[in-house]
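The values are calculated or read from the model by the stated rules, or taken from the named source; none is laboratory data. The structure displayed is predicted, hence computed values, not measured ones. Don't worry about glycine lacking a Cβ; one is built from the backbone with ideal geometry, like all the others, and counts go over all protein chains shown. Just the protein is used for accessible areas: all its heavy atoms, side chains included, with ligands, DNA and RNA removed. Shrake-Rupley method; radii C 1.70, N 1.55, O 1.52, S 1.80 Å.
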Amino acid sequence: MSRILIVEDEDRIATFVDKGLRAAGYATERASRGDEALELARSIEFDLVLLDVGLPVMDGFAVLRALRGSGNRVPVIMLTAHSSLDDTVRGLDGGADDYIPKPFRFDELLARVRVRMRDAQPEPAASTTLAYGGVSLDLRSRRAQVDGTGVVELSAREFALAEEFLRHPDQVLSREQLLSRIWGYDYDPGSNIVDVYVRYLRAKLGAGRIETVRGMGYRLVG
């Protein structure tokens, strides 16, 4: 469950936001002073901070500076009764991720919370494996397997050609396309190098996996 720190010295607003966020499925902590908020943020891992500007002891700008100065990159949405451009710029320049003036509607606040939480999530790592029809390529280790058996040794060109087929399964790839993508545009278009390497791949991956489409090119089939 995502945890949000609400930093607001007006109890009525803090209670309103707290109840709404809990109803939306978030866990919350509250602080009414800047120094208290900073201590909480340093001792507990939060997924987002809602930070009022007008706080006792330390204002929101000072809290934000201290957080960012210590390397804490938790998403921060500033809350303030001041809606001037100067305050907005000051907050964003100080490292805030968003800025919402009071009074605000809770549905608007919740929408911004969701956006910032989503933005803060790491993107899933790109897959390093291509697989189709019993053939798999590990792009990191540059290894190939057929039907889950041991590693099949492929040369650099063979691997590149196999990768091109696995990125376009069941799609006809012309000799010209393969030649330009694997060997480069400067390679002799009259060369039969593509046919030679397709023959090499068939010997290693299985003759029936790469189909000749007469007059068009080759296709990887399942």
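Go through (1) modelled with pLDDT under 90; (2) part of a loop (DSSP other than H, G, I, E, B) and name the single condition Tyr99 misses.
All conditions are met except number (2).
For the range 3-51, how many residues meet the condition of being open to solvent by 40 Å² or more (accessible area, probe 1.4 Å), touching a helix residue (DSSP H, G or I) at 6+ places or on another chain (Cβ under 9 Å) and more than 19 Å from Arg105 (Cα to Cα)?
Of the residues in that region, 6 qualify.
Every residue in the range 136-174 that is open to solvent by 80 Å² or more (accessible area, probe 1.4 Å) and assigned to a helix (DSSP H, G or I), please.
Correct list: Ala156, Arg157, Arg167.
Using beta carbons and a limit of 9 Å, which pairs, at least six apart or on different chains, have the first residue in the range 25-46 and at pLDDT 95 or above and the second one among the polar types (S, T, N, Q) and in a helix (DSSP H, G or I)?
Once the first residue is at pLDDT 95 or above and sits in the range 25-46, its partners that are among the polar types (S, T, N, Q) and in a helix (DSSP H, G or I) give Arg30/Thr15.
For the range 1-16, how many residues meet the condition of being hydrophobic (A, V, I, L, M, F, W, C) and closer than 19 Å to Ala96 by Cα?
So the answer is 4.
Condition test on Leu154, is it closer than 18 Å to Glu211 by Cα and at pLDDT 90 or above?
The answer is no for Leu154.
Residue pairs, Cβ under 6 Å, 6 or more apart or interchain, first in the range 1-16 and under 15 Å from Leu67 (Cβ atoms) and touching a residue at least 12 places away in the same chain (Cβ under 8 Å), second assigned to a loop (DSSP other than H, G, I, E, B) and open to solvent by 10 Å² or more (accessible area, probe 1.4 Å). List them.
Between residues of the range 1-16 that are under 15 Å from Leu67 (Cβ atoms) and touching a residue at least 12 places away in the same chain (Cβ under 8 Å) and residues that are assigned to a loop (DSSP other than H, G, I, E, B) and open to solvent by 10 Å² or more (accessible area, probe 1.4 Å), the close pairs are Ile4/Tyr26; Leu5/Phe46.
Which of (1) touching a strand residue (DSSP E or B) at 6+ places or on another chain (Cβ under 8 Å); (2) surrounded by 19 or more Cβ atoms within 10 Å (Cβ to Cβ) is the odd one out, the single condition Gln177 does not satisfy?
Single failed check for Gln177: (2).
Give all pairs with beta carbons closer than 7 Å in which a residue from the range 115-132 that is among the aliphatic types (A, V, I, L, M) meets a residue that is assigned to a helix (DSSP H, G or I) and at pLDDT 85 or above; count only pairs at least 6 apart in sequence or on separate chains.
From the range 115-132, the pairs are Leu130/Glu163; Leu130/Leu166; Leu130/Arg167.
Taking Gly222 and the conditions (1) in contact with a Gly (Cβ under 9 Å, 6 or more places away or on another chain); (2) crowded, with 17+ Cβ neighbours inside 10 Å; (3) not in a helix (DSSP H, G or I), which numbered condition does it fall short on, given that it satisfies the others?
All conditions are met except number (2).
Pull up the range 52-68, narrow it to residues that are modelled with pLDDT of 90 or more and among the small types (Gly, Ala, Ser), then point me to the one that is nearest to Phe104 (Cα to Cα).
Gly60
Quick check: anything in the range 53-76 open to solvent by less than 10 Å² (accessible area, probe 1.4 Å), over 27 Å from the mean Cα position of the chain (by Cα) and touching a residue at least 60 places away in the same chain (Cβ under 8 Å)?
No.
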